[in-house]
Amino acid sequence: MTVAGIDLSATEFWGLPLAERATAFALLRAQPQTPFFAEPETPFSELGPGYYALVRYADVVEASRHPEVFCSGKGATSIPDLPVEFNEYFGSMINMDDPRHARLRRIVSRAFSPRLIAKFQDDVRRAAASVVDDLLAAGPCDFVANVAARLPLKIICDMMGIPDDQYDMVMTNTNIILSGADPEFLSEDMDQAVVQLLGAGQALADLLAGLAAARAEAPAEDLVSALVTANIDGEQLTTAELASFFILLVVAGNETTRNALSHGLMLFSEFPEQRALLLADLEGRLEGAVEEIVRYSSPVLFMRRTLTRDHTMNGHDYRQDDKVVLFYYSANRDEAVFADPDRFDISRSPNPHVGFGAPGPHYCLGAHLARRELTAMLRELMTRVPDITAGEPDRLLSSFINGIKRLPCNFGG
Ligand code: HEM
């Protein structure tokens with residue numbers, strides 16, 4: 001592989017075996033210049049000016065820390081510019097800057113309080129146990145459908161007060177929204193793809209409208225009630241803000257932790273000595289294992305920022321309106337920060353990975369919840385099915401989500 005042969009905008013790049021992908025990013029990190037790429041094509045807009053790929057840890061951290069220079073409002077989840085309404089509809093505050101971002105985050109953080117999350121701690125434990133009950137009854141099966149997808153889906157739906165009979169519908173639509181370039185979920189016909197995406201957003205917005213109306217009448221102990229009734233210094237979410245935030249939460253709540261769990265099983269299969277280490281002191285090493293799974297797999301591969309003005313960072317001169325893409329996946333393998341970065345090592349300490357984003361105003365709102373889900377599921381699996389192993393994954397074709405669609409698992413000899 002040569003640097004000249006690497007094109008991060010080519011769909012095929014994201015289908016390469018994971019080890020080759022890691023090698024490509026190592027080559028890019030070793031370049032003296034920040035690499036620049038032409039933009040990928042998209043059904044939604046004209047071809048843009050291209051982007052700088054921030055592949056080093058120092059650049060990713062610095063850009064995240066300075067949102068006044070590296071803004072999210074022109075789009076954080078897509079490299080091509082999308083219409084503003086589209087960004088907000090699907091991305092809510094992830095695609096906003098202050099003061100709007102701060103206002104939204106203030107309102108929802110209250111609703112997403114540690115008290116509410118703590119209340120779900122027991123539910124997370126119980127849900128993980130029941131998923132593993134079913135796994136043991138089913139025997140070897142597809143780990144994604146039977147295990148990894150089920151816990152985050154149940155927890156985010158319970159938190160929102162979404163009834164069980166809507167789980168499939170939520171999963172189908174969040175899959176479409178974060179399907180990337182994968183033809184299994186999104187049509188290759190561009191007009192058709194737009195219709196599918198908008199339809200998925202609308203289906204979730206309709207679900208929220210029904211829940212919000214019911215909770216406004218009779219508030220319950222769920223997140224939708226807290227959001228409908230949140231009134232911080234006289235500020236409340238508008239109906240449109242509530243719908244977009246709801247879409248962001250169900251998508252982010254579902255499509256990330258699921259992949260971290262699947263990668264976790266793959267990693268403990270590929271590195272059996274790390275499994276042995278974990279099993280030798282489960283409670284002592286669970287926390288380190290969860291952080292290392294998120295570092296190593298980086299379920300969210302990138303976020304984008306756009307320069308608000310000319311600015312020099314780590315020796316590179318950027319111009320106003322330049323686009324930069326923060327490749328968390330690459331920052332998390334930066335040999336300047338992580339010794340032997342391609343080694344999965346649950347005892348890595350410190351482990352300052354940027355899998356949940358780097359410190360800054362957009363740092364993952366769901367990080368605590370995700371950590372609790374990953375810890376609970378890993379504990380159940382390692383206690384009750386410690387010999388579970390992964391077969392060959394069927395990976396999602398996406399530059400944004402390091403996704404696993406299907407993963408056969410085996411256990412019991
Ligand atoms: C392993 C699981 C997860 C990973 C790897 C992950 C990753 C990320 C990353 C990288 C960002 C940074 C965005 C940026 O800087 O522009 C982010 C933001 C966010 N995440 Fe997560 N996430 C995970 C789980 C969750 C869960 C479970 C939820 C909700 C239930 C959630 C909700 C959010 C929200 C709302 C934001 C936007 C915050 C803002 O813009 O202020 N995430 N996540």
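Since every read-out is calculated from the coordinates, none of them should be taken as a lab result. Fair warning: this is a prediction, and the values are worked out from it, not measured in the lab. We place every Cβ from the backbone using ideal geometry, glycine too, and count neighbours over all the protein chains shown.
Hey, in the GNM for the chain with a 10 angstrom Cα cutoff, which one of THR308, THR174, THR256 fluctuates hardest?
Among THR308, THR174, THR256, the largest mean-square fluctuation in the Gaussian network model of the chain belongs to THR308.
In terms of Cα to Cα distance under 16 Å, which lysines are near enough to LYS74, apart from those fewer than 8 places away along the same chain?
LYS323
Report, in deg cm²/dmol and to the nearest 500, the calculated mean residue ellipticity at 222 nm for the chain, where each DSSP H run with n ≥ 4 adds -39500 (n - 2.57) and the sum is divided by the residue count.
Mean residue ellipticity, 222 nm, calculated: -15000 deg cm²/dmol.
Compare the peptides 178-186, 370-378 by average per-residue count of other Cβ atoms within 10 angstrom and give them in order, highest first.
By packing density, highest mean first, the sequence is 370-378, 178-186.
Over the range 1-55, how many percent of alpha carbon pairs lie in each 10 Å bin up to the one with the longest distance?
Bin by bin from 0 Å, the calculated values are 22, 51, 23, 3.
Which FRET efficiency value, to the nearest 0.05, do you get for GLU188 and ALA213 by plugging their Cβ-Cβ distance into 1/(1 + (r/R0)^6) with R0 = 35 Å?
The formula returns an efficiency of 0.40 here.
So what are the three principal axis dimensions of the chain from its Cα atoms, in whole Å, longest to shortest?
56, 55, 41
For the range 18-169, build the charge dipole from Cβ charges (+1 Lys, Arg; -1 Asp, Glu) around the Cα centre, then report which of VAL69, GLN33, VAL84 sits farthest towards its positive end.
Sorting the options by dipole projection puts first VAL69.
Would you work out if the range 250-289 is rounded, prolate or oblate? Take a ≥ b ≥ c from the square roots of the eigenvalues of the alpha-carbon gyration tensor; rounded if a/c is under 1.5, else prolate when a/b is larger than b/c, oblate otherwise.
oblate
In the chain, with Lys and Arg counted as +1 and Asp and Glu as -1 at Cβ, which of these residues, LEU277, ILE156, LEU237, has the Cα nearest the positive end of the dipole, that is, farthest along it?
Value computed over the given set: LEU277.
If you wrap a convex hull around the Cα atoms of the range 291-413, how much volume per residue is inside, in Å³?
139 Å³
Given 0.36 nm per residue, what is the gain on full extension from GLU46 to GLU221 after removing their alpha carbon distance, in nm?
Extra length available between GLU46 and GLU221 comes to 58.5 nm.
Out of all Cα-Cα pairs in the range 81-133, roughly what percent, to the nearest whole number, are more than 17 Å apart?
Taking all Cα-Cα pairs of the range 81-133, the fraction more than 17 Å apart is 58 percent.
Gap in Å between the Cα centre of the range 134-157 and the Cα centre of the range 6-62?
33 Å
Residue separation times 0.36 nm, minus the C-alpha to C-alpha distance between ARG384 and GLU283: what's the value?
Full-extension gain reported as 34.9 nm.
Say we join alpha carbon atoms closer than 10 Å with springs in a Gaussian network model of the chain; which of HIS316, HIS353, HIS101 then has the biggest fluctuation?
HIS316
Under a Cβ-only charge scheme (Lys and Arg +1, Asp and Glu -1), can you give me the dipole magnitude of the range 183-260 about the Cα centre, in debye to the nearest 20?
The dipole of the range 183-260 has a size of about 180 debye.
On each of the three principal axes of the Cα atoms of the range 154-208, give max minus min coordinate, whole Å, ordered largest first.
Cα extents, longest axis first: 35, 19, 14 Å.
Between THR229 and GLN31, how high is the FRET efficiency from 1/(1 + (r/R0)^6) when r is the Cβ-Cβ distance and R₀ = 56 Å? Nearest 0.05.
For THR229 and GLN31, the calculated efficiency is 0.60.
Show log10 I(q)/I(0) for the range 183-331 at q = 0.09, 0.13, 0.17 Å⁻¹, two decimals, from a solvent-free Debye sum over equal Cα scatterers.
-0.54, -1.00, -1.09
Stick to Cα atoms and the Kirkwood definition of Rh, then tell me Rg/Rh for the range 57-111.
With Rg and the Kirkwood Rh in hand, the quotient comes to 1.00.
I want the antiparallel fraction of DSSP beta bridges within the chain, as a percent rounded to 5.
85 percent
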